[in-house]
Amino acid sequence: MEIDKVIDSTVEPVSNAVASVVFYSVQLLDLEIKLILIWLVAAALFFTVYLGFINVRYFKHAIDVLRGKHDSGNSNGHISRFQALMTSLSATIGLGNIAGVAVAISVGGPGATFWMAIMGFFSMSTKFVEVTLGIKYRQYGSKHNPNSISGGPMYYLRGAFDRLQQPKMGRFMAGLFAVCCIGGTIGAGGLFQANQAYQQALVVTGGEAGFLAGKGWLFGLFMAVLVGMVIIGGIQWIAAVAGRIVPVMAIIYIIAGLVVIGVHHAAIPGALRTIFEMALYPQAGIGALMGALLMGVQRATFSNEAGLGSSAIAHSAVKTDVPVSQGMVAMLGPFIDTVVICMITALVIVISGTYVEGGGIEGVQLASRAFASGISWFPYVLALTVFLFAYSTMISWSYYGLVCTTYLFGERLVVAGIYKILFCAFIIIGASAQLSNIILFTDSMVFAMAIPNIIGLYLLAPEIKNDLRVYLQDLKEKTEKRS
C-alpha cells in the first residue's frame, strides 16, 4: 500500500492546482456556476441552431454515409469511415458511460442523467463541426514521415487565425490545445480508465480481502503491456483493434443492461418518473435542479468529448475527400455514446435503487451493485466490459496524445517512442491512485481542451455553413440525376 499512497499524495496537489484554473466558477443564485460548462453548452446550442438542427434533419443521411451509400472511388486516408467512427467511439464509449454516469447520479441525483441525454443530443452538432474542420485542414506527410496524415484542432486553429492575419496567435492557440490534449490523454486515457478498471477487478476478486488489494500498480502494469502491444502500430493498428472490440463490447454491455432492466421491469415507470421529476421539478428547489443540470452537462462532455476537439484527430485519418460527409458520420457518436449507452447505465442504477445506498462520490462500484441487483454474477460481466471499455479508450486516447506530441516536437520516431513509454507509465499510476484525485485531474485537463477548440469553431462557423450548403446542393443534384 505504501507505493499507492505515495503516488496518490503526489497526484493530489497537481489535481487541485489545475482544477482551480480550469473550473473557475462564479456565484449566481447562491450556486457556483463553472464557466467552462456554460462555454460548452453555449457552443452546442449555437451550432445546432446555426446549422438548422442538422442533428435531427440529417440523422438518417449520416447512417447512409456510414454504410457507404454515397461513397465513390478511392480517397486519401488510412482508415475506413466505420473504423474512424469506431476509433472515436472507443475513446468515448469508455468508463464515462459507466463510472461517469454513476458519478453523475451519486453527486447530482438521477435527474443529472436526463441532462446528460439532452447535452448529448445537442453535442451532435458540435461534433459535426469539429470533425469536418479536422479533415478539411488535415496535413499530408512531413519531413520525417512522408506517408503520415495528421489532423485536429491544432491545424484548423492555425487556419482560423491565419485568415485573421494573426499567425502568432494561431500558433499559440494550436500549441495550447496540444498541451491540454496531452494532459487530457494522461488523465482520460490513462489515469481514469486504469483506476476504474482496477476498482471493478478488485470487486470481483474479493475486495479488500482479495488478491488484488493494494496491488493497483500490478494491475496497471498488466494493462500497460496490453496497450503497448497495440499502440506501437499507430492508427492503422488502433483502428483495426477498435473496429473489432467496440461493436462487441457495446453489444455485451447493452444486452447485460437490458437484462437487468428486464428483471426490474415493474420499476421502469417509477424510475423514469424519478429521473424526469428530479431533473425538472426537484424537491430541493432550484439549487438541486441546477446541480443536476451542471453535473449532467459535465459528465456528458466527459463521455462524448464533443467540443473538446479530440475526435477530430481520429476522424482525420479517414479515407474521404469530402470533409462534410465524415462530419455527418461523426455526428452519430454522441447519440450512440451519451443518449443510448449512458441512459442504459442510468436506468440500471435508478431502477435498482442502489444509488441511495452509497455515501458520497462513487464510480464503477455503484454500477457494479446495480448490475448485481439483477443477477448476482453480473458484476463479472461488468468487469469484462469495464476492462474492454478501459482498454479501447486507452489505445484511442494514446493516439490523440501522440498526434499532439509530434505536432509540438516533430514527427520523429524517438519522440513517438518516448511518448508511448510515458503513456504506459501513467496507466500504472492511474491504477494506484484514488478516485477523487483521478477525476479532478482528468476533468481539468480534458475540459481545458475546449477553450481554444471552441474559439476556432466559432471563427470558422461561416466557412462550415457554406461547406454544408455546397455539400447539400451537390447531394440534391446527385439524387435528382439518379431518379
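Results for (1) surrounded by fewer than 20 Cβ atoms within 10 Å (Cβ to Cβ); (2) among the polar types (S, T, N, Q); (3) at pLDDT 85 or above, shown as yes or no for each residue.
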residue: Val129; (1), (2), (3): no, no, yes
residue: Ala188; (1), (2), (3): no, no, no
residue: Ala201; (1), (2), (3): no, no, no
residue: Leu218; (1), (2), (3): yes, no, yes
residue: Ala224; (1), (2), (3): no, no, yes
residue: Gly233; (1), (2), (3): yes, no, no
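Given the condition modelled with pLDDT under 85, open to solvent by less than 30 Å² (accessible area, probe 1.4 Å) and either of a type in the set (Lys, Arg) or on the phi < 0 side of the Ramachandran plot (or both), answer yes or no: does some residue in the stretch 303-326 qualify?
Yes: one or more hits.
Please identify the pairs in which a residue from the stretch 305-321 that is farther than 10 Å from Val131 by Cβ has its Cβ atom under 6 Å from the Cβ atom of a residue that is of a type in the set (Gly, Ala, Ser) and crowded, with 24+ Cβ neighbours inside 10 Å, counting only partners at least 6 apart or on another chain.
Short answer, once both residue conditions are applied: Glu305/Ser311; Gly307/Ala43; Gly307/Ala450; Leu308/Ala450.
State which residue is farthest from Ile79 (Cα to Cα) when the search covers only the stretch 235-251 and only residues that are open to solvent by 50 Å² or more (accessible area, probe 1.4 Å) and of a type outside the set (Lys, Arg).
Ile251
Name every residue in the stretch 432-449 that is at pLDDT below 75 and aromatic (Phe, Trp, Tyr), in order of residue number.
Phe441
Where the second residue is open to solvent by 10 Å² or more (accessible area, probe 1.4 Å) and acidic (Asp, Glu) and the first is farther than 16 Å from Ala117 by Cα and free of Cβ contacts under 8 Å to residues at least 40 places away in the same chain and lies in the stretch 32-54, which pairs have Cβ atoms under 6 Å and are six or more apart or on separate chains?
none
Can you tell me how many residues in the stretch 107-127 are at pLDDT 75 or above, of a type outside the set (A, V, I, L, M) and farther than 26 Å from Met328 by Cα?
3
Take Ala91 and decide whether it is modelled with pLDDT under 85, crowded, with 22+ Cβ neighbours inside 10 Å and more than 29 Å from Gly52 (Cα to Cα).
no
Tally up the residues in the stretch 27-76 that are open to solvent by 20 Å² or more (accessible area, probe 1.4 Å) and aliphatic (A, V, I, L, M), please.
Adding up the residues that qualify gives 12.
Of the residues Val41, Val21, which is under 20 Å from the mean Cα position of the chain (by Cα) and of a type in the set (A, V, I, L, M)?
Sole residue among the options that is under 20 Å from the mean Cα position of the chain (by Cα) and of a type in the set (A, V, I, L, M): Val41.
Anything in the stretch 85-110 that is farther than 20 Å from Asp443 by Cβ and over 14 Å from the mean Cα position of the chain (by Cα)? List them, or say none.
Answer for the stretch 85-110, where residues must be farther than 20 Å from Asp443 by Cβ and over 14 Å from the mean Cα position of the chain (by Cα): just Pro110.
The values are calculated or read from the model by the stated rules, or taken from the named source; none is laboratory data. Because the structure is predicted, anything quoted here is derived from the model rather than measured. All Cβ positions, glycine included, derive from the backbone under ideal geometry; neighbour counts span all protein chains shown. Quick note on the areas: whole protein, heavy atoms, side chains included, nothing else; ligands and nucleic acids left out. Shrake-Rupley method; radii C 1.70, N 1.55, O 1.52, S 1.80 Å.
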